[in-house]
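These notes concern the structure reproduced below.
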Amino acid sequence: VRTELEPVELEDGAAVPKEFANPSDDTFLVEDAVEAIGFGKFQWKLSVITGLAWASNYAMEMMILSILAPQLHCEWRLPSWQVALLTSVVFVGMMSSSTLWGNISDQYGRKTGLKISVLWTLYYGILSGFAPVYSWILVLRGLVGFGIGGVPQSVTLYAEFLPMKARAKCILLIEVFWAIGTVFEVLLAVLVMPTLGWRWLLILSALPLLLFAVLCFWLPESARYDVLSGNQEKAIATLKRIATENGAPMPLGKLIISRQEDRGKMRDLFTPHFRWTTLLLWFIWFSNAFSYYGLVLLTTEFFQAGDVCSISSRRQEVKSKCSLTCEYLTEEDYTDLLWTTLSEFPGVLVTLWIIDRIGRKKTMALSFLVFSFCSLLLFLCVGRNVLTVLLFIARAFISGGFQAAYVYTPEVYPTATRALGLGTCSGMARVGALITPFIAQVMLESSVYLTLVVYSSCCLLAAVASCFLPIETKGRGLQESSHREWGQEMVGRGPHSPEVTRSNFGSQE
């Protein structure tokens, strides 16, 4: 066991153990190989496939909720609570399955869990287009949500093939595919809804999942997962494949098998090292989804009213009308949805620019603070133009904060519990998304100002929670084993940091 390792300076001034950067050493870990092979053709292909999963299995199925609900409200004469339940049931399905998909991915592999969830969503997505009555569409959309809960595992698989310097940027760029998916869904609705109706929209929206299911055969299993499972030969074959595609040399020597340990155990998320991290991340993910989807629901209400101060009077006018009165989505409504979606692109760019400069924790805190500030400015009863600007800024930053959480969460947990950690966080996000319709729609009828206070206060608390996270993952490698102090796999240090005195590279327990 080597206890003294000479640090080597990287381009950005950080120092890592010598063995990490030396591909000619006699032993190496998966992290060494991923860093030595670097970012290349393989990662570009993986980016497109992961983005396709994000756009088709997540963004499109989420965006369709804002289009399907008003259509069924008019066509089937549904009361408002049933319309809200149609949205909430999808998040109930996602919430109930997120931990399950994470457990499956930790037990049987990232690729296995992802393929099953995609095929599940494809089947019930197409089937929901044939729902004869409200009760059937409710059950089937809930089952679609159950499948969507497994989509975050694509980020787990993606992150485990990315070298450290490219990881944050690449995961953030997945948000671009989210925006592309939502824009595509709106354009598809513009073409399909006037002629073919909502049933064909549901069926056609599920078909891109078939393309991803076919491309899944190209996806390799995570080498980190294979090593943790004791399948060393398969991990080496995967790494050699990546090296060949990238035109880079494989590290010489023997691949070290990290200490094998139980995978996917919930208790591992609450060990002394991760207890506070897990609890704070749960609240951060809850606040992200609560605020993001709440803003999406509020945007339509604000645009239709013209400004915040007009909402109360507008509500009174609506109540005086016949209860069966409803309005189909117009061309102007679809335009508003497009503009709202496009506002996420600058959010990605801002987050991409600051996340490696100020760190993951501060990026999330800043996103929550800007959202909260914009929410408070809506109290000023601004006109429609200023309202549009504030809503766009708020959505840009809250979506950027969401992506920062997607970067941070896979980085902070070790390989044995990475998928489960991301799955439980995703489950808490669904709790927030489940609750937010009752705030953004029901509470809004009573008081628009109280609604804004709830969202603003929640984000202020989330900003504080982000600052109190005990671990900053900026400049650090992915942790392989939970039996080591966090960050021993790769310690990022400045030029004045103390000498590295201990590492578990080249050792085997």
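The values are calculated or read from the model by the stated rules, or taken from the named source; none is laboratory data. Predicted model only: the values in this text are computed from it and were never measured. Reconstructed Cβ throughout: ideal geometry from the backbone, glycine too, with neighbour counts over all protein chains shown. These area figures cover heavy atoms from the full protein model, side chains too; ligands, DNA and RNA do not enter into them. Shrake-Rupley method; radii C 1.70, N 1.55, O 1.52, S 1.80 Å.
Brief remarks follow.
Residue-wise test of (1) at pLDDT 85 or above; (2) open to solvent by 20 Å² or more (accessible area, probe 1.4 Å); (3) in a helix (DSSP H, G or I); (4) not assigned by the TED database to the domain that holds Ile148.
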| residue | (1), (2), (3), (4) |
| --- | --- |
| Leu46 | yes, no, yes, no |
| Ala59 | no, no, yes, no |
| Cys74 | no, no, yes, no |
| Trp101 | no, no, yes, no |
| Ile116 | yes, yes, yes, no |
| Gly125 | yes, no, yes, no |
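- Qualifying residue in the stretch 132-149 (condition: open to solvent by less than 30 Å² (accessible area, probe 1.4 Å), hydroxyl-bearing (Ser, Thr, Tyr) and either in contact (Cβ under 8 Å) with a residue 40 or more places away in the chain or on the phi > 0 side of the Ramachandran plot (or both)): no
- Subset of the stretch 89-99 (residues that are polar (S, T, N, Q), modelled with pLDDT of 80 or more and surrounded by 24 or more Cβ atoms within 10 Å (Cβ to Cβ)): Ser97
- Residues that are open to solvent by 10 Å² or more (accessible area, probe 1.4 Å) and within 13 Å of the chain's Cα centre (by Cα) were ranked within the stretch 150-175; the one that is modelled with the highest pLDDT is Cys170.
- Checked against the criterion of being free of Cβ contacts under 8 Å to residues at least 60 places away in the same chain, among the small types (Gly, Ala, Ser) and open to solvent by 50 Å² or more (accessible area, probe 1.4 Å), the stretch 236-251 contains one or more residues that satisfy it.
- Checking each residue in the stretch 176-231 for being among the charged types (D, E, K, R) and open to solvent by less than 10 Å² (accessible area, probe 1.4 Å) picks out Glu185, Arg224, Asp226.
- Checked against the criteria, Tyr406 counts as within 19 Å of Leu280 (Cα to Cα), of a type in the set (Phe, Trp, Tyr), modelled with pLDDT under 85 and assigned to a helix (DSSP H, G or I).
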